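Novice: A single structure is presented below for examination.
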Amino acid sequence: MNSKILRAIWTVAILVFLASLFFIMTISYSYFTLFQKNLLRNETELAAQGVAISGKAFFDELNTSNYRITWIDHDGNVLYDNEVDSEKLGNHLEREEVKLAIKNGYGESDRYSNTLAHRQFYSAKKLPDGSILRLSIVQAAVWTLVLGFAQPIVIVIFIALFLSFVLASRLAKNITKPINEIDLENPESYYGKKDYKEIEPLLRHISAQKIQLKRDQEQIEQTALIRQEFTANVSHELKSPLHAISGYAELLENGLVRAEDIRPFARKIREESSRLTSLVEDIINLTKLDSGEDNRTLESCDLYRIAENAIDSLQSTASELDVNLELSGTKAPMVAYPELLHSIVYNLCDNAIKYNHKGGSVFVKVSQDKDRTTLSVKDTGIGIPKESQERVFERFYRVDKSRSKEVGGTGLGLSITKHAVLVHRGSFKVVSEVGKGSEFIIILPTQPT
Ligand code: ADP
């Protein structure tokens, strides 16, 4: 960055220098031309007086290499020329300056001289005898001027380059120093500070990215922690039915069970196995939901019909536990994932039956307005203490572990429900009172958003 800034400043310095040089040379050149013309005019006046007094003898003493001097008689014939043989020169009457001098006593002109192959300034003066004295000088070319200035120009170029190098490197350092000194851990501390005004948007960007990174990091850590906990819980949950099964089997194997106890033992083994099956099924469902690999597709479906089906399949369990199951509401057509909707209704109704009293009731209600479909599962069961109402959605969280086990719970039903609701971008709410019952309210968008 330093060298880039340095190069930029240097380029600007050189361009400014060249531009100034061009202007100075142009102005100097026009001034120099004017000066040359004035000088020529004065010299012509002086020489004219000399010739008027001394005649041709004036030229004999003359020692000039800068001027071309021509003396012309009143007919235009060249009487004398210090540079070109006067014999070879033609009539000069038609020359602009000569014409003017004859007419006005004095004349000037400038033109390209074919004879001398230069641009010349001419000035002519009429003498008292009618003859004309003309002086001319080569107009100094620009490069002559530049050459004359060469030495100071070279010195100035070196001084300018040296100064701009020193200034540019200082400037570059001054610009980059505050940037290099930024503590990227605390970009916020530079907001509003004098040297950092221009790069404040950059600082804000860095700060925002830092926060985002931190959040991402926290989320990754949190997810890893949840996974770790989940794995530990899964192994723990799997172990107990497996231990029970192998324990009962061992007793049977060693003939330690009386003949009349064999049946209850076999039933226990079957119950533990089915617990194991539900657990494995729930774990698989949850893992699929977690990874989004459940091949689900959005379909047109009706939540009321889905609720009817779920209730049908739970009817026998409800009857066994002497719980009354009621469905009310209206048809609720929606576009959603039918399998997930089924697991939502099934899990909520299953819980409402399991955590109910004998003779209790479960009221399932489906309703719909323009873009929201609502499911309410209300029971007259044991209720959930206030402090547990949020936690029941955690994996493997149970208010009463032994009761959950007794009714064949896995501790995963509500986690699956919550996940399925969130996949639909829906929301959920629990209203519950210990001893009176609970109501789970799920609100889902009728069309996916
Ligand atoms: P489980 O398989 O144990 O039922 P869930 O995730 O479905 O697991 O529920 C977690 C816990 O929340 C249950 O163990 C229970 O303590 C409590 N719970 C869930 N639903 C109800 C309900 N309708 N009434 C009372 N307690 C409930």
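Novice: What is the ratio of the Cα radius of gyration of segment 4-147 to 2.2 N^0.38 Å, where N is its residue count, to two decimals?
Specialist: That ratio works out to 1.40.
Novice: Now for a separate question. Explain nothing, just the number: relative contact order of the chain, from Cα pairs under 8 Å at least 6 residues apart, as a whole percent.
Specialist: Rounded, it is 10 percent for the chain.
Novice: Lysine pairs in segment 2-146 8 or more apart or on different chains: how many have alpha carbons under 13 angstrom apart?
Specialist: The result is 4.
Novice: All other residues with a Cβ under 11 Å from the Cβ of F363 taken together, and with Lys, Arg as +1 and Asp, Glu as -1, what is their net charge?
Specialist: For residues surrounding F363, the net value is -1.
Novice: Sticking with this structure for a sec: Report the local net charge at K331: Lys and Arg +1, Asp and Glu -1, summed over other residues whose C-beta lies under 11 Å from its C-beta.
Specialist: Combined, the nearby Lys, Arg, Asp and Glu give -1.
Novice: Debye sum, Cα scatterers, the chain, no solvent: what log₁₀ I/I(0) at q = 0.06, 0.09, 0.12 1/Å?
Specialist: Each listed q maps to, in turn, -0.57, -0.83, -1.04.
Novice: Listed highest first by mean packing, meaning other Cβ atoms within 10 Å per residue, what order do 228-239, 299-310, 47-58 come in?
Specialist: 299-310, 47-58, 228-239
Novice: Continuing with this model, one more query. Using the per-residue mean of other Cβ atoms lying within 10 Å as a proxy for protection, in what order, highest first, do the peptides 97-109, 395-407, 343-355 fall?
Specialist: Peptide ranking by packing, descending: 343-355, 97-109, 395-407.
Novice: List every residue whose amide H lies under 5 Å from the amide H of G360, counting only residues 5 or more places away in sequence or on a different chain, with H placed 1.01 Å from N in the peptide plane.
Specialist: N324
Novice: Counting every Cα pair in segment 298-449, what percent are over 22 Å apart?
Specialist: In whole percent, the long-distance tail amounts to 35.
Novice: Starting from the exponent 0.38 and prefactor 2.2 Å, build the expected Rg for segment 243-347 from its residue count and divide its actual Cα Rg by it.
Specialist: 1.54
Novice: To make sure I understand the rule: partners must be aspartates and glutamates, Cα under 12 Å from the Cα of K405, and not fewer than 8 residues away in the same chain. Which ones qualify?
Specialist: Excluding near neighbours in sequence, the set is E237, E271, E272.
Novice: Using only the alpha carbon atoms of segment 240-292, find the Kirkwood hydrodynamic radius as the inverse mean reciprocal pair distance, in angstroms to one decimal.
Specialist: 12.4 Å
Novice: Counting pairs of alpha carbon atoms under 8 Å apart in space and at least six apart in sequence, what relative contact order in percent does segment 298-449 give?
Specialist: Computed over segment 298-449, the figure is 25 percent.
Novice: Could you tell me the calculated FRET efficiency between L62 and N91, based on Cβ-Cβ distance and R0 = 25 angstrom, to the nearest 0.05?
Specialist: 0.55
Novice: Continuing with this model, one more query. Placing +1 at every Lys and Arg Cβ and -1 at every Asp and Glu Cβ, with all other atoms neutral, what dipole size does the chain have around its Cα centre, in debye to the nearest 20?
Specialist: In debye, rounded to 20, the chain gives about 640.
Novice: Using alpha carbon centroids, what distance separates segment 231-310 and segment 1-45, in Å?
Specialist: 97 Å
Novice: What ranking do 125-133, 251-259 get when scored by the average of other Cβ atoms within 10 Å per residue, highest first?
Specialist: Sorting 125-133, 251-259 by mean packing, highest first, produces 125-133, 251-259.
Novice: Considering the alpha-carbon set of segment 194-295 alone, what are its Rg and its Dmax in angstrom?
Specialist: Over segment 194-295's Cα set, Rg and Dmax evaluate to 26.5, 93 Å.
Novice: Next up: Which far-off residues, 5 or more places away or on another chain, put their amide H under 5 Å from the one on L79, with H placed in the peptide plane?
Specialist: Residues meeting the amide H criterion: W71, I72, D73.
Coordinate-derived values only; no laboratory data. Note that the structure is a prediction, hence the values are computed from the model and not measured. Cβ coordinates were reconstructed from backbone atoms using ideal geometry, including for glycine residues, and neighbour counts include every protein chain displayed.
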